[in-house]
Amino acid sequence: MDLESIWSVFLSKIEIKLKPVLYQTWFQETKLIDLNNEYAVILVPLDVHKKHLMENYSEIIKETFMEVTGSIFKFKYVTQEEINEDKKKPEINENNEATFESGLDSKYTFDNFISGESNKFAKAIGLAVAEKPGAMYNPLFIYGNSGLGKTHLMHAIGNYIVSTSNKKVLYVTSEKFVDDFLNIYRKNETSNFKAVDNFKRKYRDIDVLMIDDIQYLEIASKTQQEFFNTFNELHTQNKQIIISSDRSPDDLKKLEERLRTRFNWGLTIDILPPDFELRMAILDKKIEAQGIGNFVPEEVKEYISNNCTTDIRKLEGALTRVFAYATIMNGSEITLELAVEALKDYIGKNIISRNKIDQVIQLVANNYNITVEDIKSKKRLSKISVPRQIGMYICRVHLKESLPKIGSEFGGKDHTTVMHSVAKIKRELKKDKNLEVEISKIINQIK
């Protein structure tokens, strides 16, 4: 049998021996990628899989694999990142020169770049540049806070160009650019002409240059001069330049003004933090990739989305943490209570605020004999909409929560809806003393 067939049989046997959530969390996304006389090399999604499989499943893996192959193997677990790092190690040609390496990560594409209101413009512009590099928006300057997808978008552009043309694309971080430049002066040769020539060939004999996190160039004043020269050389030849930063060009005050001016020659786009809908879509995509959508309740996804609002990496990390926690707890069912426990040290202070709002929603639901799902729904029946408005009023006036936060945690409502609800309850309180008593009773139960 080939590797795929061997592993397919192996997984079918493992699936029978484990609970569904354990199989889906730790085995479903694994793959056999090499088999020699001594080792079976297994591709796993994350580092946590490596550790957990070695520490908790080594015997069942060895026994089951022997059932399939009839032989005893040792097992080695690797992630795609480790494979990519190995691929990035330059090969040496006959002239003792490193062969060209693009630095691109093939896993980042436009297809898996999930877009919403906060980043759809950036994605559209990125695709336009990828289709005709050097023809428009040159340079393309992408900025936004860490963890919002700037690097993903850059790799997607590069991978698209490589797959649809014979153009030469180079992706590096600004630290790598600085390091390569400083290596010229670290050579022990009597002359560094060769090192200078290699540097210029790497950064100028290309069609597309992508520099990630350009803000780190602020602390390397000598390197700024070389980047200025490289920029001018490429731009003069209509070679595409793509730059990312955590700040806009005008806010990079420690960069030379002539560099900041050139960054504004093309198009500057910002990527904003994901809104509630986009955060939910990102979680759904990650859950779909894990193949365990039916095991993650909607309220757990909403809980994560409402507490990880500014960073996609933290959002995905929170979900991974919940998966791992459920597995470590003997394959426990994923519930809101389990998610709160798993993330209490990960989310931090926001969790306290979130629990208060949860309490209000639950207390209002109990008081008016409706469900939490009713309150978070879009139902407009009076018996549901009025309690919903009361809950929003308490969160705004008593808990002092922001309008957007209340709206998102009441099922993704717009902040204007919260404003109208609070205003309406304030008007009702002036003429209905019984309502004041009801609200006071709920507030007194908040712990």
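The values are calculated or read from the model by the stated rules, or taken from the named source; none is laboratory data. Worth saying up front: this structure is predicted, and the values here are computed from it rather than measured. Neighbour counts run over all protein chains shown; Cβ positions are idealised from the backbone, glycine included. SASA here: full protein model, heavy atoms, side chains in, ligands and nucleic acids out. Shrake-Rupley method; radii C 1.70, N 1.55, O 1.52, S 1.80 Å.
Is it the case that region 298-308 has a residue that's part of a loop (DSSP other than H, G, I, E, B) and hydrophobic (A, V, I, L, M, F, W, C)? Before the answer, list the steps.
So in region 298-308, the residues part of a loop (DSSP other than H, G, I, E, B) come out as 308.
Narrowing further to those that are hydrophobic (A, V, I, L, M, F, W, C): 308.
Yes - at least one qualifying residue is present in region 298-308.
Among the residues of region 140-148, are any open to solvent by 60 Å² or more (accessible area, probe 1.4 Å) and over 21 Å from Y216 (Cβ atoms)?
no
With the requirement that a residue be over 18 Å from T25 (Cβ atoms) and either part of a helix (DSSP H, G or I) or under 27 Å from the mean Cα position of the chain (by Cα) (or both), what does region 46-75 give you?
Once the filter is applied, which keeps residues that are over 18 Å from T25 (Cβ atoms) and either part of a helix (DSSP H, G or I) or under 27 Å from the mean Cα position of the chain (by Cα) (or both), region 46-75 yields E59, K62, E63, F65, M66, E67, V68, T69.
For region 248-297: of the residues being part of a loop (DSSP other than H, G, I, E, B) and either at positive phi or of a type in the set (S, T, Y) (or both), which is most open to solvent (accessible area, probe 1.4 Å)?
Taking region 248-297 first, the residues part of a loop (DSSP other than H, G, I, E, B) are 248, 252-256, 264-266, 271-275, 291-292, 296-297.
Those still in the list that are either at positive phi or of a type in the set (S, T, Y) (or both) too: 248, 291.
Numbers: S248: 19, G291: 36 Å².
Ranking the candidates gives G291 first.
Answer yes or no as to whether G407 is at pLDDT below 85 and not aromatic (F, W, Y).
Values: at pLDDT below 85: yes; not aromatic (F, W, Y): yes.
Yes, satisfied.
Here are the criteria: (1) part of a helix (DSSP H, G or I); (2) at pLDDT below 85; (3) more than 26 Å from the chain's Cα centre (by Cα); (4) surrounded by 15 or more Cβ atoms within 10 Å (Cβ to Cβ). Tell me which single one V418 does not satisfy.
Condition not satisfied by V418: (2).
Table: residues versus (1) crowded, with 17+ Cβ neighbours inside 10 Å; (2) in contact with a helix residue (DSSP H, G or I) (Cβ under 8 Å, 6 or more places away or on another chain).
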site	(1), (2)
D2	no, no
W7	yes, no
E15	no, yes
V21	yes, yes
I33	no, yes
N37	no, no
L43	yes, yes
L46	no, yes
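Among the helices (runs of 4 or more DSSP H) contained in region 318-415, which hold 1 or more residues that are closer than 22 Å to I287 by Cα and open to solvent by 50 Å² or more (accessible area, probe 1.4 Å)?
Correct list: 336-347, 372-376.
Here's a check for you: in region 230-273, which residue that is in contact with a strand residue (DSSP E or B) (Cβ under 8 Å, 6 or more places away or on another chain) and of a type in the set (V, I, T) is nearest to V178 (Cα to Cα)? Reasoning before the result, please.
Taking region 230-273 first, the residues in contact with a strand residue (DSSP E or B) (Cβ under 8 Å, 6 or more places away or on another chain) are 230-231, 234-235, 239-249, 252, 263-264, 266-271.
With of a type in the set (V, I, T) added as a condition, the list becomes 230, 241-243, 268-269, 271.
On the way: T230: 13, I241: 17, I242: 17, I243: 15, T268: 23, I269: 25, I271: 26 Å.
Here the residue is T230.
Determine whether region 433-441 contains at least one residue that is touching a residue at least 24 places away in the same chain (Cβ under 8 Å) and either hydroxyl-bearing (S, T, Y) or crowded, with 18+ Cβ neighbours inside 10 Å (or both).
yes
Go through (1) of a type in the set (V, I, T); (2) open to solvent by less than 20 Å² (accessible area, probe 1.4 Å); (3) modelled with pLDDT under 90; (4) under 18 Å from S244 (Cβ atoms) and name the single condition V178 misses.
With (1) of a type in the set (V, I, T); (2) open to solvent by less than 20 Å² (accessible area, probe 1.4 Å); (3) modelled with pLDDT under 90; (4) under 18 Å from S244 (Cβ atoms) applied to V178, the lone miss is (2).
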